[in-house]
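Asks: My structure is below; once you've seen it, I'll send some questions.
The values are calculated or read from the model by the stated rules, or taken from the named source; none is laboratory data. Here the structure is a predicted model, which means the values were calculated and not measured. Cβ: placed from backbone, ideal geometry, glycine included. Neighbour counts: every protein chain shown.
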Amino acid sequence: MDTTTRSLADVTSVQIDAWEVLGLVGDPVRRRIVGLLAREELCTCHLVAELGLKQPLVSHHLKALREAGVVQGSPCGRYTYYRLRPEALAAAADLLQGLVLDEPSRRPC
């Protein structure tokens, strides 16, 4: 299915790849978007104003975050408000915690 025709209901069924989430939030703009959405739901125009970037660039980053299941949009009149999907961030946090807790194999010198 073409991702541009995906309904909002389909977005909630996106398979979350924790490594992809970590890679996406490694980008400074996406990291700021996640930080802003951690406080409240925002539409693209609010994100444009907060970030001081052009709308097409913000939309590009939102699309990447949406396709990975990190954010979800809800239409409200002429606007779409975005919010974080906590399960995506939890998957990334679980992956990092697992890496920290895993005992590395030891090889004799």
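Asks: Residue by residue through the range 63-87, note down the ones that are farther than 14 Å from residue 30 by Cα, in a helix (DSSP H, G or I) and either in contact (Cβ under 8 Å) with a residue 40 or more places away in the chain or in contact with a strand residue (DSSP E or B) (Cβ under 8 Å, 6 or more places away or on another chain) (or both).
Replies: Selection gives 87 alone.
Asks: Then there's this: Among the numbered conditions (1) surrounded by 11 or more Cβ atoms within 10 Å (Cβ to Cβ); (2) modelled with pLDDT under 90, tell me where residue 9 comes up short.
Replies: The number of the failed condition is (1).
Asks: If you go through the range 74-91, how many residues are more than 11 Å from the chain's Cα centre (by Cα) and modelled with pLDDT of 95 or more? Spell out the reasoning first.
Replies: Residues of the range 74-91 more than 11 Å from the chain's Cα centre (by Cα): 74-81, 90-91.
After this cut, where a residue has to be modelled with pLDDT of 95 or more as well, the list is 81.
Selection size over the range 74-91: 1.
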